[in-house]
Amino acid sequence: MRLILMGPPGVGKGTQAKKLAAVYEIPQISTGDILREAIVNDTPVGREAKEYMDAGRLVPDDVILNLMKETLGSEKCARGFILDGFPRTVPQATGLDAILVTLGIRLDAVLVLEVNEDIIVERLSNRRSCPECGAIYNLKTSPPAQDDTCDNCGAELVQRSDDQPETIKNRLKVYREETAPVIDYYAKKGMAKAIDASGSVSEVWEKLQSALSQK
Ligand code: AMP
C-alpha cells in the first residue's frame, strides 16, 4: 500500500498515519519528523532546515526531494509507505511522480483530511509530543495520564517550537497558498479523496478505513 495523507497542519495526519502504519505494517514517512531529527543531529540538512521551520516556512523543494529520493528508494519503503507532510508544493508533487517512475511504482490513494481553521488552531495550541518515542497528545482531548509525561516511555513531553500562535498562522497561510494546489493536482488525476476530520481520533479513523476499502 502506497498512500499520501494530506491536510493542513494540526488536522491529525501524524496521529492517523501512525495507526495506518501499524495496521498495514508499512512505514510512516513524515518529512517533518525527518527534518526535526536532522536538526537534533545537527546535520547539514538540519542546519539548513531549521530557520525555515522556526519561521513556519517551507524548506526548499530541492532539499526535500533529495531526502525523499533517498528515503523512498530505501529498503524500508520496499513494501509500501504512508507519506505524511509530503508533497507540500506542486513542484514536490511532480518531483514525486518522477521518483515513482524511476522506482517503477504507483500510488494507491491520496487521502485529504479536512477541518476548519478554528479547530486547527485549537488542536495545535494543545498539542504536545514525546521527543523520545514520537507519541502525540492533546491536552484537552487525549491528555497523558500524568501531566507532561509520556504514557509510553516516561519522557517529558514538549510543545513543538512551531506550534506558537504566530507561527501557526503563518503555517496555515503557507498551506492555503502552496499546499492546497497540490490537492487540485491529485484531484485532476482523479486520485484525491476528501475525508471530514472534525471528529474524534476514532471517528476519523473509521472514515479513513472506509475510504480505503472503497478504493
Ligand atoms: P510538519 O511536522 O509536517 O508539520 O512539518 C513541520 C515543518 O517542517 C513545516 O512547517 C516545514 O517548515 C517543514 N517541512 C516538513 N515537510 C516539508 C515539505 N514536504 N516541504 C517543505 N517543508 C517541509
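The values are calculated or read from the model by the stated rules, or taken from the named source; none is laboratory data. Quick caveat: nothing in here was measured; it's all calculated off a predicted structure. Neighbour counts are summed over all protein chains in view; Cβ atoms, including those assigned to glycine, are modelled from backbone coordinates with ideal geometry. Ligands, DNA and RNA are excluded from the accessible area calculation, which covers all protein heavy atoms including side chains. Shrake-Rupley method; radii C 1.70, N 1.55, O 1.52, S 1.80 Å.
The residue pairs whose first member lies in the range 125-147 and is within 20 Å of K169 (Cα to Cα) and among the basic types (K, R), whose second member is open to solvent by less than 40 Å² (accessible area, probe 1.4 Å) and not in a strand (DSSP E or B), and whose beta carbons are closer than 6 Å, counting only pairs six or more residues apart or on different chains, are R127/D163; R128/L157. Scanning the range 191-215 for residues that are touching a residue at least 12 places away in the same chain (Cβ under 8 Å) and assigned to a loop (DSSP other than H, G, I, E, B) yields M191, A197, S198, S200, K215. Might you check whether a residue that is in a loop (DSSP other than H, G, I, E, B) and either farther than 22 Å from A21 by Cβ or under 17 Å from the mean Cα position of the chain (by Cα) (or both) occurs anywhere in the range 170-178? For the range 170-178, residues in a loop (DSSP other than H, G, I, E, B) and either farther than 22 Å from A21 by Cβ or under 17 Å from the mean Cα position of the chain (by Cα) (or both): absent. Residue count for the range 56-79 satisfying the condition of being out of contact with any helix residue (DSSP H, G or I) (no Cβ under 7 Å at 6 or more places or on another chain) and not hydroxyl-bearing (S, T, Y): 8.
Might you let me know whether the range 151-159 holds any residue that is part of a loop (DSSP other than H, G, I, E, B), surrounded by 14 or more Cβ atoms within 10 Å (Cβ to Cβ), acidic (D, E) and at pLDDT below 95? Scanning the range 151-159, I find no residue that is part of a loop (DSSP other than H, G, I, E, B), surrounded by 14 or more Cβ atoms within 10 Å (Cβ to Cβ), acidic (D, E) and at pLDDT below 95, so the answer is no. Of all the residues in the range 17-49, those that are within 13 Å of the ligand (Cβ to nearest atom) and more than 19 Å from E132 (Cα to Cα) number 3.
Taking the criterion of being over 21 Å from G7 (Cβ atoms) and either polar (S, T, N, Q) or within 7 Å of the ligand (Cβ to nearest atom) (or both), the residues of the range 50-93 that qualify are N66, S74. Y175: more than 22 Å from A135 (Cβ to Cβ) and out of contact with any helix residue (DSSP H, G or I) (no Cβ under 8 Å at 6 or more places or on another chain), yes or no? Here the answer is yes, as Y175 does meet what is asked.
Return the residues of the range 94-104 that are hydrophobic (A, V, I, L, M, F, W, C) and away from the ligand (no atom under 15 Å from the Cβ); say none if nothing qualifies. Result: A98, L100, V101, L103. Take the conditions (1) aromatic (F, W, Y); (2) within 15 Å of G10 (Cα to Cα); (3) open to solvent by less than 20 Å² (accessible area, probe 1.4 Å); Y186 misses just one of them, which is (2). For the range 76-135, filtering for residues that are open to solvent by 60 Å² or more (accessible area, probe 1.4 Å), within 17 Å of the chain's Cα centre (by Cα) and farther than 30 Å from D148 by Cα leaves 1. Checking each residue in the range 15-47 for being within 22 Å of E177 (Cβ to Cβ) and in a helix (DSSP H, G or I) picks out T31, G32, L35.
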